[in-house]
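First comes the structure, then the notes that go with it.
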Amino acid sequence: MPRERAGDPQYDGSPGVDTPTDDTLRAYDRRIGALVIEDQVVGHVASVVREMRFPSRQRWLWFTVVWPDGSRELPFEDYGPGWHTVRELEAGYLAYHLQSTVHERRLLGRHWLSARWGASQTFGVRWLEGDVAARRWLELGLRDEDF
């Protein structure tokens, strides 16, 4: 029986025309690209692929942005049916924001991170390949657990 959601009344839980193929999603596992403004590299976007099991089994992408000073944005996710980040990246850009100010908060023995985003920015994306990508992943100190 089809499920209805606000803004997407025809969604029935099955892959749609705009759902990326498994090969496309697999290409984002441990992928890294340079973020570019006016031909200048201003940071990197990195991604890993995870599997989500609830409410149904599907691929789930996690991204993080690393700035030249080594600081990182909080990880963000992309998953179907929209795949908004994948659509942007496949088109060669990332609509995101400039560097955030991240704060650690504590209350009653618990802690969490919060961020105040920088100004909105659309970055060009240049994907790194092969040994160059692997070397940059290590240089940036990325680990799968960071996502």
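The values are calculated or read from the model by the stated rules, or taken from the named source; none is laboratory data. All figures in this text were calculated on a predicted structure; none of them were measured in a lab. Note: ideal-geometry Cβ built from the backbone for every residue, glycine included; neighbour counts use all protein chains shown.
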Among the candidates P55, P75, residue that is surrounded by 12 or more Cβ atoms within 10 Å (Cβ to Cβ) and either under 22 Å from R136 (Cα atoms) or at pLDDT below 90 (or both): P75
Working carefully through the options G70, G82, G141, find the one that is part of a loop (DSSP other than H, G, I, E, B), of a type outside the set (A, V, I, L, M, F, W, C), closer than 28 Å to D22 by Cβ and out of contact with any Phe, Trp or Tyr (no Cβ under 9 Å at 6 or more places or on another chain). G82
Restricted to segment 99-147 and to residues being among the aliphatic types (A, V, I, L, M) and under 15 Å from the mean Cα position of the chain (by Cα), the residue nearest to V48 (Cα to Cα) is L142
Considering residues of segment 86-114 that are under 17 Å from D69 (Cβ atoms) and among the polar types (S, T, N, Q) only, the residue surrounded by the fewest Cβ atoms within 10 Å (Cβ to Cβ): T101
Out of V48, V132, V125, V65, which single residue is aliphatic (A, V, I, L, M), exposed (fewer than 13 other Cβ atoms within 10 Å of the Cβ) and either touching a Ser or Thr at 6+ places or on another chain (Cβ under 7 Å) or closer than 13 Å to G33 by Cα (or both)? V132
